[in-house]
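**Q** Just passing along the structure, written as structure tokens.
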Amino acid sequence: MRDFNRRLMLVAAAALTLAACNKGAGSGGPAMNDDMTMGDPNAKVKMVEYASASCPHCAKFAIDVFPEVKKKYIDTGKVHYTFREILTSPPELAAAGFLMARCAGKDKYFTVLDGVFRSQQDWVATGDPIGSLKRVAASSGMSDDQFTACITDEKATKALNARVEKYSTQDNISATPTFIIGGKKLEGEQSLADIEKAIAEAQAK
């Protein structure tokens, strides 16, 4: 566990440097080869969400709003959705959640991430966030040893840091969650009505 904490603190240190980086224009940014996406890539409307696995507002959106957005717009081919990883306090837990979801593979990434969001309340109730994350890992078929190896993988941690820095700077991300829908930026937690309005505006362009 001591080695786990040491390695994940590399992520925390990297996250603290982001505020000093130059900021971009906020257009949704070019896609990266390791983006996690859903839906038809040829859909007219592009929706990008920037969120943290340790952000309670992100978890609330993921649980209360996103399932309806997915059913109504993403699964029907109307919207192409991209999720981009940001680290917020505590960054080592956000990193662990993302690293674990990546280890599960692209086909399970969003299922595992949903489990991480849903486990946030358990983090507080039990005071054992790592134990909660291990239970999410187990539900995806990952053993304790695989979980530990995954979240202490230095190469994967460096890749996560690179993604976070790129995402944060290219679109001037200063809040989580942040959404860019058809080029329009929405900062902070959004209702279904807010998302639907932005999608309608993008469809009308």
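**Q** Working only within segment 73-111, note down all residues that are of a type in the set (Gly, Ala, Ser), at negative phi and over 14 Å from the mean Cα position of the chain (by Cα).
**A** The first filter runs over segment 73-111 and keeps only residues of a type in the set (Gly, Ala, Ser), leaving 77, 89, 94-97, 101, 104-105.
From the residues that got through so far, the ones that are at negative phi too are 89, 94-97, 101, 104.
Correct list: Ala104 only.
**Q** Tally the residues that are surrounded by 20 or more Cβ atoms within 10 Å (Cβ to Cβ) and more than 16 Å from Leu99 (Cβ to Cβ), restricting the search to segment 113-144.
**A** Going through segment 113-144 one residue at a time, the tally reaches 1.
**Q** Oh, and also: Which ones in segment 166-195 are in a helix (DSSP H, G or I) and either surrounded by fewer than 16 Cβ atoms within 10 Å (Cβ to Cβ) or touching a helix residue (DSSP H, G or I) at 6+ places or on another chain (Cβ under 6 Å) (or both)? Let's see the steps before the verdict.
**A** Residues of segment 166-195 that are in a helix (DSSP H, G or I), as a first pass: 166-170, 192-195.
Ser168, Thr169, Leu192, Ala193, Asp194, Ile195, listed by residue number.
**Q** Is it the case that some residue within segment 112-126 is over 23 Å from Phe61 (Cβ atoms) and either in contact (Cβ under 8 Å) with a residue 40 or more places away in the chain or assigned to a loop (DSSP other than H, G, I, E, B) (or both)?
**A** Within segment 112-126 (the criterion being over 23 Å from Phe61 (Cβ atoms) and either in contact (Cβ under 8 Å) with a residue 40 or more places away in the chain or assigned to a loop (DSSP other than H, G, I, E, B) (or both)), the answer is no, since none of the residues qualifies.
Bear in mind these aren't lab numbers, they're just calculated from the coordinates by the rules spelled out. None of these values were measured; they are calculated from a predicted model. Backbone-built Cβ (ideal geometry, glycine too); neighbour counts: all protein chains shown.
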